[in-house]
1. Quick one: residue 256 ticks every box in (1) closer than 22 Å to residue 8 by Cα; (2) open to solvent by 30 Å² or more (accessible area, probe 1.4 Å) bar one, so which box is it?
2. Taking the stated definitions as given, is residue 75 within 23 Å of residue 229 (Cβ to Cβ) and surrounded by fewer than 22 Cβ atoms within 10 Å (Cβ to Cβ)?
3. If a residue must be assigned to a loop (DSSP other than H, G, I, E, B) and not polar (S, T, N, Q), how many such residues does the range 11-30 contain?
4. Which one of 44, 73 is under 23 Å from residue 104 (Cα atoms) and part of a helix (DSSP H, G or I)?
5. Just checking, how many residues over the range 170-181 are open to solvent by 10 Å² or more (accessible area, probe 1.4 Å) and touching a Phe, Trp or Tyr at 6+ places or on another chain (Cβ under 9 Å)?
6. Could you grab me the full set of residues in the range 36-49 that are open to solvent by less than 20 Å² (accessible area, probe 1.4 Å) and either touching a Cys at 6+ places or on another chain (Cβ under 8 Å) or at pLDDT below 95 (or both)?
7. Within the range 138-159, restricting attention to residues that are open to solvent by 10 Å² or more (accessible area, probe 1.4 Å), in contact with a Lys or Arg (Cβ under 7 Å, 6 or more places away or on another chain) and assigned to a helix (DSSP H, G or I), which residue is farthest from residue 234 (Cα to Cα)?
8. If I filter the range 78-101 down to residues being assigned to a loop (DSSP other than H, G, I, E, B) and among the aliphatic types (A, V, I, L, M), which single residue comes out as least open to solvent (accessible area, probe 1.4 Å)?
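The values are calculated or read from the model by the stated rules, or taken from the named source; none is laboratory data. These numbers were taken from a predicted model, which means no experiment stands behind them. With ideal geometry, Cβ positions are generated from the backbone for all residues, glycine too; neighbour counts draw on all protein chains shown. When the accessible area is computed, the model is the full protein with side chains, heavy atoms only, and any ligands, DNA or RNA have been set aside. Shrake-Rupley method; radii C 1.70, N 1.55, O 1.52, S 1.80 Å.
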Amino acid sequence: MNKNKVTIITGGSGGIGKAAAIKLAEEGGKIVIFSRNEEKVKRAVEDIVRKTGNNRIEYILCDLSSFKSIRRAAKEFKERNGRLDVLINNAGMNQLERKITEDGYEMQFQVNYLSQFLLTNLMLDLLIKSTPSRIINVSSAMHKYGKINFGDINFNRGYSKYKAYTQSKLAVIFFTESLSEKLADKGVSVNALHPGLVRTEIGINRENGNGKFIRRLKNPFAIPPEKGCETLVYLACSPEVEKITGKYFIRKKIKRTSNLSHDKEIADKLWQLSVDATGADIII
């Protein structure tokens with residue numbers, strides 16, 4: 001990575017986000033971690049600096065369940081930085097219980113998808129200014145089991161964490177493909193990935209600990225974050241993918257997304273829903 005490059009990574013205080021931040025920091029670029037937990041992200045920054053010797057690691061507080069927080073964080077980033085080379089939308093969650101955010105949306109749909117949509121659009125001017133630049137969205141192989149429930153996007157009836165999660169990750173795939181088309185002549189690539197089953201705390205309720213037992217059952221079959229972040233790092237800095245956009249990767253290889261994800265009518269409808277929900281100013 002060019003030492004002048006600036007990278008944002010959401011959810012970089014733990015899991016594959018932190019593992020990716022370490023590997024990217026070793027290349028010498030500036031890394032800015034967006035995180036909701038100040039105590040945790042401070043420790044992560046100190047650890048990354050200590051392990052890599054790169055003191056150009058910063059953080060900005062950002063709660064992805066709040067559009068107001070995302071806008072504030074984006075403003076703070078722009079006040080500090082005149083360029084953005086890589087935006088990694090990594091942060092995500094798998095919420096056991098149904099919860100509605102302050103903005104009125106089901107938590108997984110907002111954190112896993114709408115927050116990506118808003119933050120990315122807020123950063124597009126810098127990304128276009130800094131071309132060639134890259135956007136990387138973390139999705140999941142589970143997107144293949146999802147559908148966009150336009151009639152009840154918040155699952156007011158019959159909530160299932162599985163349905164909510166797969167909907168959010170399918171939305172990320174739609175977003176990746178739609179945005180790549182809109183940015184086709186702008187010098188900004190957009191790709192998505194499935195990191196694999198990674199040994200992280202995703203799926204555990206931070207408030208009451210629900211989900212810990214299931215996570216313990218899965219952990220023996222899960223890969224460590226250092227392995228899970230490999231495709232993320234590959235998409236962020238490998239010259240092999242510099243000209244590739246609108247694709248979905250698993251283990252550094254392009255894979256086909258679900259048949260549903262190629263439905264243009266759904267893609268357009270979801271894009272408009274996202275603009276209306278987030279109030280994003282679309283510059284493309």
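1. The single condition residue 256 does not satisfy is (1).
2. No, not satisfied.
3. The total comes to 7.
4. Exactly one residue qualifies, and that residue is 73.
5. 2
6. none
7. It comes out as 150.
8. 84
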